[in-house]
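The values are calculated or read from the model by the stated rules, or taken from the named source; none is laboratory data. Bear in mind that the values here come from a model prediction, so they are computed numbers and not experimental data. In this analysis, Cβ positions are derived from the backbone assuming ideal geometry, glycine residues included, and neighbour counts consider all displayed protein chains.
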Amino acid sequence: MQLDHVRSQFTELFGKGEAAAFHSPGRVNLIGEHTDYNGGYVFPCALTLGTYGITRTTDTGRLRLASANFGASVVEISLDGIEPNAQPMWTNYPLGVVREFQKLGQPLGGLDLLVAGDLPNSAGLSSSASVEVLMGVVLNDLFGCGLGMVEIAKLAQRAENLFVGVNCGIMDQFAIAMGRRDNAVLLNCKNLEYRYIPAALDGHCLVISNTNCPRGLAGSKYNERRGQCEAAVEMLREELDISLLGEVSPAEYEAHKHLITDDLIRRRAEHIVYETQRTKDAADSLSRGDLAAFGKHMNASHESLANLFEITGSELDALAYAAQRQDGVRGSRMTGGGFGGCTVSLVEEAHVESFKHNVGASYRAATGITPDFYIANIGSGAGRIG
Ligand code: GLA
């Protein structure tokens, strides 16, 4: 995307004068799915694809917001009247963040903002969290709020939970705020301790494949899975002193799983326990440069999400299994919330073209849908760029 183009669009909408530029990435999770709200580990990286924001303060006490992705029409709101829009409007993402700054007593003022993103929407690459964290860094910078990036990530998550009404974990906002170029972030979601691990891919690249399948029931199923994980904790607490499933090791789980009397709840718990362990093991493999082992963990993760957590669906399965069969593919799995969205595959560079061709054909034959492919470049976290 051309920043100059976004700047001139901003001038058309809001008039000439100085304006600051910000960028906030999307994210792809390499492994560790649905573990964040269970206090387990995740292993995401920030993408170079994301959201640009051009902005300036005004003395009007009002916010004027526009998105190039949604027709660039200006939505104007007084800072005194920030309420969630009952319709699923894109403005709920930045406004939820404004509300959280206000709750902290931060002195905000009028603002004009144009956002423009190059992430596909509803693809599970966190275009919404990208806008939230963008708003966080914009307000923090322009109004001198002095918040750190981890605080901004937590605040953006609260905006999503309380204002947008999606009960997500911390992974997306954290990866977007704290991402580092060419690194993945191993994050312990229980205490937010994190470690950067260089994504030394040694002649391989990460290919993101989009099912182009709308994530229809994603919201309600997401909350349902959360409830099932909480139910498992309740049952295990009869003998284990835990508050989250991510605290349970595989050995402890095996010794106590009989406490989970419901078969479905046990499968959900089993995914979380083993996925947490797998995420730590996968991060170790990557740091040792063992891409074959890393790829096996990716495949095992998909298998567990398909059979135990049951959030893949026929499109994600068709795409991941077609990828796993290709030459030069170390591993492939769904990424993000599930029920549509994208897969991520670790593919030898020399095989990328045949990968796109063969996986595209196989997925089209299975589903009738044409997928999209992107090479994931790992970018830095959100911040000011001009
Ligand atoms: C969505 C949520 C995240 C995380 C993933 C699944 O992306 O926003 O918090 O739970 O799903 O790993």
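Identify, please: which residue in region 344-374 is loosely packed, with under 13 Cβ neighbours inside 10 Å and not small (Gly, Ala, Ser) and is, among those, nearest to the chain's Cα centre (by Cα)?
Thr370
Which residues, taken from region 302-355, are among the hydroxyl-bearing types (Ser, Thr, Tyr) and out of contact with any helix residue (DSSP H, G or I) (no Cβ under 6 Å at 6 or more places or on another chain)?
Result: Ser314, Tyr321, Thr335, Ser354.
Can you name the residue in region 7-61 that is aromatic (Phe, Trp, Tyr) and within 14 Å of the ligand (Cβ to nearest atom) and is also farthest from Glu275 (Cα to Cα) among such residues?
The residue in question is Tyr37.
Mind checking whether some residue in region 327-335 is away from the ligand (no atom under 14 Å from the Cβ), in contact with a Leu (Cβ under 9 Å, 6 or more places away or on another chain) and of a type in the set (Ser, Thr, Tyr)?
Yes.
Does any residue in region 271-286 that is under 18 Å from Arg226 (Cβ atoms) and part of a helix (DSSP H, G or I) come within less than 7 Å, Cβ to Cβ, of a residue that is at pLDDT 95 or above and among the acidic types (Asp, Glu) six or more places away or on a different chain, and which pairs are these?
Cβ pairs passing all conditions: Glu275/Glu33.
Within region 43-57, is there a residue that is assigned to a loop (DSSP other than H, G, I, E, B), of a type outside the set (Phe, Trp, Tyr) and modelled with pLDDT of 95 or more?
We begin by selecting, within region 43-57, every residue assigned to a loop (DSSP other than H, G, I, E, B); these are 43.
Now narrow it down to the ones that are of a type outside the set (Phe, Trp, Tyr): none.
Checked against the condition, which is being assigned to a loop (DSSP other than H, G, I, E, B), of a type outside the set (Phe, Trp, Tyr) and modelled with pLDDT of 95 or more, region 43-57 yields no hits at all.
Residues are listed down the side, and each one gets a yes or a no for (1) within 16 Å of the ligand (Cβ to nearest atom); (2) touching a Lys or Arg at 6+ places or on another chain (Cβ under 7 Å); (3) of a type outside the set (S, T, N, Q); (4) free of Cβ contacts under 8 Å to residues at least 40 places away in the same chain:
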residue	(1), (2), (3), (4)
Glu83	no, no, yes, yes
Met89	no, no, yes, yes
Asn92	yes, no, no, no
Val97	yes, no, yes, no
Gly105	no, no, yes, yes
Asp118	no, no, yes, no
Cys145	no, no, yes, no
Met171	yes, no, yes, no
Arg181	no, no, yes, no
